Amino acid sequence: MSASGKPLAGPAPDTASGGRPTFWIETYGCEMNDYDSEFIASRFLEEGYAPAPDPDSADVLLFNTCSVRQGAEERVRGRLESGAGRKGARPGQVRGVVGCMAQRLGEGFPASSGGIDLVAGTDTYRSLPTLVEEARNRERGPLVATPVDATHTYAIERHPRPRENPVANLTIMQGCDKFCTFCIVPVTRGRERSKPWRVVVEEAGRLVARGTREIVLLGQNVNSYRDGDVDFAGLLRRVSRVEGLARLHFTSSYPRDMTTDVFRAIAECGPPVEFLHFPVQSGSDRILRRMRRRHTVDWYLEKIDEARRIIPGVQFSTDLIVGFPGETAEEFRDTLRLVERVRFVEAYMYKYSPREGTPAAKLAEELSEEEKTARLRELIDRQREIGKEILEENRGRRAEVLIEGPSTRNPAEPFGRTRNRFMVVMPPGTGKPGDLVEVELAERRGSTFRGIPVGTGESWAS
């Protein structure tokens with residue numbers, strides 16, 4: 001997940017903009033929003049804009065928002081209502097809110113967020129430069145544009161910045177047809193539609209040509225992908241043939257769309273990594289039915305076992321919600337038992353919070369915030385123990401690491417990940433971003449291994 005308020009298109013190069021209008025984008029939410037911001041930036045570049053060095057000096061300041069959880073919207077509201085989020089020093093600056101929060105609220109976007117000139121939904125990104133000019137010339141009130149376009153997909157042909165990190169996101173589909181009772185995505189992103197497979201492969205090739213070594217395929221239900229007779233397994237095989245691509249990863253999958261052929265594609269092709277994000281949400285069949293998920297616990301466990309038979313060394317992560325309306329103490333224990341049975345290496349765990357516009361928001365809340373918090377804490381504590389146990393089981397083994405960049409704790413130490421997503425720091429001088437290095441997974445520092453390059457005679461300074 002991206003950090004709150006991460007700028008996408010700045011800072012600008014040291015050279016002046018040469019009189020061109022400038023833009024700045026702040027991104028909130030998931031990897032798909034990161035990709036969307038890159039697409040938006042590419043459109044402004046195509047129209048002659050330049051990146052701004054900071055938000056206050058930008059001619060166009062956009063906030064790309066998320067609505068999946070209440071906390072994401074609250075961060076945006078706080079930013080907009082703060083002094084830092086109000087009109088900058090740039091005369092005539094156009095300020096816009098785009099993305100899922102804009103799509104969900106539309107005309108109802110809070111009036112307290114003063115100084116907003118544009119509210120634009122998730123299907124407007126290709127036309128944003130035009131909408132900005134319409135908003136600039138508008139005499140009164142913000143311009144609101146939240147159309148629904150069931151055919152809207154897009155590809156980035158001109159990426160807005162050089163590839164510094166060898167890992168790049170690539171959205172292949174968007175929208176959702178599943179309508180889980182807790183989820184706002186069908187409202188904010190619309191129905192499922194897939195990018196043509198040839199367009200996906202072409203964009204993957206352009207990314208690799210710019211220095212990308214690992215591509216993360218993105219979609220709300222990424223494995224629901226279909227373009228004609230090409231399903232998700234077929235797409236994995238086609239992208240895997242892009243010359244120079246070392247690794248291929250994807251998120252987020254929908255369990256019922258996970259086929260045996262997807263497992264085989266991961267096992268048979270070189271780039272797909274041995275790691276699956278496989279959201280289960282609950283360990284109770286009754287709660288899964290109330291969530292309108294389309295799997296049972298037994299079916300899910302059979303899929304886990306099948307993946308382990310086909311993909312050697314595969315690791316799993318998942319999403320879990322505790323305190324869903326009606327969840328009993330025993331049903332929460334069912335979730336704990338599932339976590340014990342599967343042994344996820346990591347999990348994204350949340351207590352249920354209602355999202356206006358979803359069916360679950362109409363269900364009676366039967367648990368106090370205190371009880372939901374207590375259950376979440378117990379689940380987090382147990383999952384962390386399991387994650388540490390899995391890491392300890394792998395200590396001393398050899399693994400291939402893709403160097404992504406410097407360690408945040410010590411920039412002299414390269415940081416990277418194994419094929420099954422274990423985090424590793426290595427001795428200074430081990431390599432540069434994009435290099436593949438074989439290491440021995442030595443001692444751990446929290447959830448991060450210290451890796452010793454194999455065959456170099458290097459070791460950690462005492």
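Which of the numbered conditions does Ile266 fail, given that it passes all the others? Conditions: (1) under 25 Å from Glu306 (Cβ atoms); (2) modelled with pLDDT under 95; (3) not hydroxyl-bearing (Ser, Thr, Tyr).
Tallying (1) under 25 Å from Glu306 (Cβ atoms); (2) modelled with pLDDT under 95; (3) not hydroxyl-bearing (Ser, Thr, Tyr), Ile266 fails exactly one: (2).
If I filter segment 327-353 down to residues being of a type in the set (S, T, N, Q) and surrounded by fewer than 20 Cβ atoms within 10 Å (Cβ to Cβ), which single residue comes out as farthest from Leu288 (Cα to Cα)?
The qualifying residue farthest from Leu288 (Cα to Cα) is Ser353.
Would it be correct to say that Phe324 is among the hydrophobic types (A, V, I, L, M, F, W, C), within 23 Å of Asn221 (Cβ to Cβ) and either buried (at least 16 other Cβ atoms within 10 Å of the Cβ) or in contact with a strand residue (DSSP E or B) (Cβ under 8 Å, 6 or more places away or on another chain) (or both)? Steps first, answer last, please.
On the way: among the hydrophobic types (A, V, I, L, M, F, W, C): yes; within 23 Å of Asn221 (Cβ to Cβ): yes; either buried (at least 16 other Cβ atoms within 10 Å of the Cβ) or in contact with a strand residue (DSSP E or B) (Cβ under 8 Å, 6 or more places away or on another chain) (or both): yes.
Considered against the rule, which asks whether it is among the hydrophobic types (A, V, I, L, M, F, W, C), within 23 Å of Asn221 (Cβ to Cβ) and either buried (at least 16 other Cβ atoms within 10 Å of the Cβ) or in contact with a strand residue (DSSP E or B) (Cβ under 8 Å, 6 or more places away or on another chain) (or both), Phe324 comes out as yes.
Identify, please: which residue in segment 304-321 is assigned to a helix (DSSP H, G or I) and β-branched (Val, Ile, Thr) and is, among those, surrounded by the fewest Cβ atoms within 10 Å (Cβ to Cβ)? Break it down into steps so the answer makes sense when it comes.
Taking segment 304-321 and keeping what is assigned to a helix (DSSP H, G or I), we get 304-310.
Checking which are β-branched (Val, Ile, Thr) leaves us with 304, 310.
Details: Ile304: 22, Ile310: 16.
That would be Ile310.
Take segment 370-399 and flag every residue that is surrounded by fewer than 16 Cβ atoms within 10 Å (Cβ to Cβ) and not in a helix (DSSP H, G or I).
If the condition is that a residue be surrounded by fewer than 16 Cβ atoms within 10 Å (Cβ to Cβ) and not in a helix (DSSP H, G or I), then Arg395, Gly396, Arg397, Arg398 are the ones that fit.
What are the pairs, 6+ residues apart or on separate chains, where a residue within segment 40-55 that is surrounded by fewer than 19 Cβ atoms within 10 Å (Cβ to Cβ) has its Cβ under 6 Å from a residue that is assigned to a helix (DSSP H, G or I)?
These pairs meet every condition: Glu47/Pro129.
Residues that are of a type in the set (Lys, Arg), out of contact with any strand residue (DSSP E or B) (no Cβ under 6 Å at 6 or more places or on another chain) and outside any loop (DSSP other than H, G, I, E, B): does segment 342-361 have at least one?
We begin by selecting, within segment 342-361, every residue of a type in the set (Lys, Arg); these are 343, 351, 355.
Okay, now just the ones that are also out of contact with any strand residue (DSSP E or B) (no Cβ under 6 Å at 6 or more places or on another chain), so 343, 355.
From the residues that got through so far, the ones that are outside any loop (DSSP other than H, G, I, E, B) too are none.
No.
I need the full set of residues from segment 254-289 which are surrounded by fewer than 19 Cβ atoms within 10 Å (Cβ to Cβ), over 23 Å from the mean Cα position of the chain (by Cα) and under 25 Å from Cys183 (Cα atoms), in order please.
Asp285, Arg286, Arg289
Can you list residue pairs whose Cβ atoms sit under 8 Å apart, with the first residue in segment 385-411 being in contact (Cβ under 8 Å) with a residue 40 or more places away in the chain and in the same structural domain as Arg213 (by TED's automatic domain parsing) and the second being among the hydroxyl-bearing types (Ser, Thr, Tyr) and part of a helix (DSSP H, G or I)? Count only pairs 6 or more apart in sequence or on different chains.
Nothing qualifies.
Which pairs have Cβ atoms under 7 Å, sit 6 or more apart or on different chains, and link a residue in segment 352-374 that is within 22 Å of Asp177 (Cα to Cα) and in contact (Cβ under 8 Å) with a residue 40 or more places away in the chain to one that is part of a loop (DSSP other than H, G, I, E, B) and basic (Lys, Arg)?
Listed pairs, sorted by first residue: Ser353/Arg69.
Given Arg206, Arg189, which one is among the basic types (Lys, Arg) and over 18 Å from the mean Cα position of the chain (by Cα)?
Values: Arg189 fails: over 18 Å from the mean Cα position of the chain (by Cα).
Sole residue among the options that is among the basic types (Lys, Arg) and over 18 Å from the mean Cα position of the chain (by Cα): Arg206.
The values are calculated or read from the model by the stated rules, or taken from the named source; none is laboratory data. In this text, all values refer to a predicted model and were calculated from it rather than measured experimentally. Don't worry about glycine lacking a Cβ; one is built from the backbone with ideal geometry, like all the others, and counts go over all protein chains shown.
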